[in-house]
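Computed from the coordinates by the stated procedures, all read-outs in this text should not be read as laboratory data. Quick caveat, the model's predicted, so the values are computed rather than measured. Methodologically, a virtual Cβ is constructed for each residue, glycine included, from the backbone with ideal geometry; neighbour enumeration extends over all protein chains shown.
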Amino acid sequence: MSLAATLSRPARDRSRDRRLISAWLYVVAAMIVAMILVGGATRLTDSGLSITEWKPIHGIIPPLTAAEWEEEFVKYQAIPEYSIVNPNMTLAEFKGIFWWEWGHRFLGRIIGFVFLLPMLIFWATGRIERQLWPRLAGIFVLGGLQGAVGWWMVASGLTARVDVSQYRLAAHLMLACLILAYVLWVARGLSPQRSAPPVPAVRTFAAVLIGLTLFQIYLGALVAGLDAGLIHNTWPLMDGGLVPANLFAESPAWLNFFENHTTVQFTHRMVAYLLLAAAIAHAIQAVRRAPGTSHAVRAVFLALLVGLQAVIGIVTLVMVVPLSAAILHQLGAVLVLTVAVLHLRSMTRGYPLEA
């Protein structure tokens, strides 16, 4: 580039660019949260197998005529869920579950559009720093992979099962949560730290909380995949005791943690207690080791949020998992993850500002 062109090129206001990109990423994160909630409703209403084909492009258009609706219904009638679970389903009832699954897939496509189009505009206008390109490209690739994993999950319920595999359901949800966490991590890393970094022990404990939260969400996915929340609907006792019987009824023993309804629910309960205790301990640690800082405030807020989530989980269980309570519980889990990620990121050095 010539010296004249260089001198005439307007200087970028990188701080302003970062605020714009950060706001865009937070919008994407909010849409991912909505996607997770719609996915949860799709599972809870047994709607996930209503669309039996994966058409990334053509599938964006729903049935528009009576003949097209009848065609979709006939495809659904060919899978085991219809013949075994819903043999008396009417076309009107089928439309009810179809719209949940279509909405879930449609929202996924919209998220891809909302991510890709602004990214291209930011690139064309020189707003994206070099260090951000691999991170943004990684998010886009993960989003595409999530679509493939979603179909892989649906495919597990189209032949020999009447629902999707709980293993694949958990993988689908975990990938969504990891994408959400990474989007939040990148977005928060574009803003300057408002408080001095705390001692390393506080950051380490904050990272442990993220790991525990993700593990608890994984266990929750197994509970949802097995409908394990529909049994043992008492608290604090479970099957009449603090430790229920038949925790290891399956063989080999490890299989119980993935396929035994009682064991899966019991593990989910125990990790909830562990997460709550860890969040309270972290709040106490932060208040003592980083008094008067925003880090301590966030740690206390996170502990309160985990406590509220535990209460919602108990209410959801004893009410035998009504849709509204179950969605609220899933929202609580995502909010705990969001706050935990932002909490740790705020204690970590952000991306150095490029010229």
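Restricting the stretch 203-239 to chymotrypsin sites (Phe, Trp or Tyr not before Pro) that sit in a DSSP loop and have at most 11 other Cβ atoms within 10 Å of their own Cβ leaves nothing. Charges were assigned to the Cβ only: +1 to each Lys and Arg, -1 to each Asp and Glu. The resulting dipole of the chain about its Cα centre is roughly 2140 debye. Taking trypsin sites (Lys or Arg not before Pro) across the stretch 5-82, the ones in a DSSP loop with at most 15 further Cβ atoms lying within 10 angstrom of their Cβ are ARG12. Which residue fluctuates the most in the chain, going by a Gaussian network model with Cα springs under 10 Å, if the choices are ILE32, ILE61, ILE280? Fluctuation is largest for ILE61.
Rounded to the nearest 20, the size of the Cβ-charge dipole of the stretch 193-349 about its Cα centre is 1020 debye, with Lys and Arg at +1 and Asp and Glu at -1. Placing dummy labels 7 Å off each Cα toward the beta-carbon, the span from GLU93 to THR234 is 3.3 nm.
Here the stretch 288-355 and the stretch 131-209 have alpha carbon centers that stand 16 Å from each other. Entry note, the stretch 14-192: relative contact order of 40 percent, from Cα contacts under 8 Å with a spacing of 6+ residues.
I need the calculated FRET efficiency for the pair ALA67 and TRP133, taking r as the beta carbon distance and R₀ as 41 Å, to the nearest 0.05. Don't jump to the answer; show the numbers that get you there.
Details: r = 47 Å, r/R0 = 1.15.
Here the calculated transfer efficiency is 0.30.
Largest first, the extents of the alpha carbon coordinates of the stretch 193-349 on the three principal axes equal 51, 34, 24 Å.
Each stretch of four or more DSSP H residues adds -39500 (n - 2.57); spread over every residue of the chain, this sum gives -23500 deg cm²/dmol at 222 nm. Extension gain for ALA155 to TRP185 (0.36 nm times residue separation, less C-alpha to C-alpha distance): 7.6 nm. Along the chain, the exposed loop sites are GluC sites (Glu not before Pro) outside DSSP states H, G, I, E and B with at most 14 other Cβ atoms within 10 Å, and the longest stretch free of them is 54-353. Normalised by 2.2 N^0.38 Å, where N is the number of residues, the alpha-carbon radius of gyration of the stretch 14-192 equals 1.18.
Taking each residue as 0.36 nm, the span from LEU247 to ARG12 lengthens on full extension beyond its C-alpha to C-alpha distance by 78.5 nm.
A DSSP coil position with no more than 10 other Cβ atoms inside 10 Å describes none of the chymotrypsin sites (Phe, Trp or Tyr not before Pro) in the stretch 247-355.
Counting 0.36 nm for each residue step from LEU117 to ALA207 and taking away their Cα separation leaves a gain of 29.1 nm. The residue among THR45, GLN146, VAL339 whose Cα reaches farthest toward the positive pole of the charge dipole of the chain, with charges on the beta-carbon of Lys, Arg, Asp and Glu, is VAL339.
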